[in-house]
Amino acid sequence: MKFGITTIYLTLAFFSISLLKNQAAAQLSQCKAELKNDTFVLENSKLKRTFLWNKGALQHFNLFNKIKNQLISGTGVPGKSEVCFPGINAKTVNGSFRFYNAPATNAGYEYLAAEVIADLGTLHLKNNFRIYADCPAIVCDYNIRGKTGD
């Protein structure tokens, strides 16, 4: 009798887990990363963040709260990248963009990953964005490789 009850509990647990995974995948479909003309957009059900592409040297344009239908921050300085480096006067080149679904792990939830890669003189820049479903934040990690100045 115990074997039968244990089997039922395990079956219910696996069924519940599979439903949660399907729900997470459905929520991840709310996330978006898109490059259209010179506009780069990251969004989920809570936020929409827009950049000017600027050949891969992203320039903040605005951040919009979709829940309150409110603009949080407006435009940046025209022609200025979000980051600058002393000793580097070169223009950004070779800007590229890709996105993919990153699976959930024991340490974190599933998310939409968006990578922006560009070269700035002798520097190789990479912005790693993480867009989570139903989360009022968009995470960005900056990776920089190369040398500045002499």
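The values are calculated or read from the model by the stated rules, or taken from the named source; none is laboratory data. Since the structure is predicted, the reported quantities are computational estimates derived from the model, not experimental observations. Backbone-built Cβ (ideal geometry, glycine too); neighbour counts: all protein chains shown.
General remarks:
- Among the candidates 67, 88, 72, residue that is among the β-branched types (Val, Ile, Thr), under 22 Å from residue 143 (Cα atoms) and either modelled with pLDDT under 95 or more than 20 Å from the chain's Cα centre (by Cα) (or both): 88
- Residue satisfying all of: in the range 105-115; more than 10 Å from the chain's Cα centre (by Cα) and part of a strand (DSSP E or B); surrounded by the fewest Cβ atoms within 10 Å (Cβ to Cβ) among these: 105
- Restricting attention to the range 90-116 and to residues that are in contact with a Gly (Cβ under 7 Å, 6 or more places away or on another chain) and of a type in the set (Val, Ile, Thr), the residue that is nearest to residue 50 (Cα to Cα) turns out to be 116.
- Once the range 116-133 is narrowed to residues that are crowded, with 20+ Cβ neighbours inside 10 Å and of a type in the set (Val, Ile, Thr), the residue that is nearest to residue 66 (Cα to Cα) is 131.
- Residue in the range 5-25 that is under 18 Å from residue 140 (Cα atoms) and either modelled with pLDDT of 90 or more or of a type outside the set (S, T, N, Q) (or both) present: no
- Cβ pairs under 9 Å, 6+ apart, first in the range 114-129 and under 20 Å from residue 148 (Cβ atoms) and touching a residue at least 60 places away in the same chain (Cβ under 8 Å), second surrounded by fewer than 17 Cβ atoms within 10 Å (Cβ to Cβ) and of a type in the set (Asp, Glu): 127/82; 127/115; 127/141
- Looking across the range 91-101 at every residue that is at pLDDT 90 or above and crowded, with 16+ Cβ neighbours inside 10 Å, the one that is farthest from residue 137 (Cα to Cα) is identified as 95.
- Screening the candidates 136, 86 for the property of being exposed (fewer than 15 other Cβ atoms within 10 Å of the Cβ) and closer than 26 Å to residue 27 by Cα yields one hit, 136.
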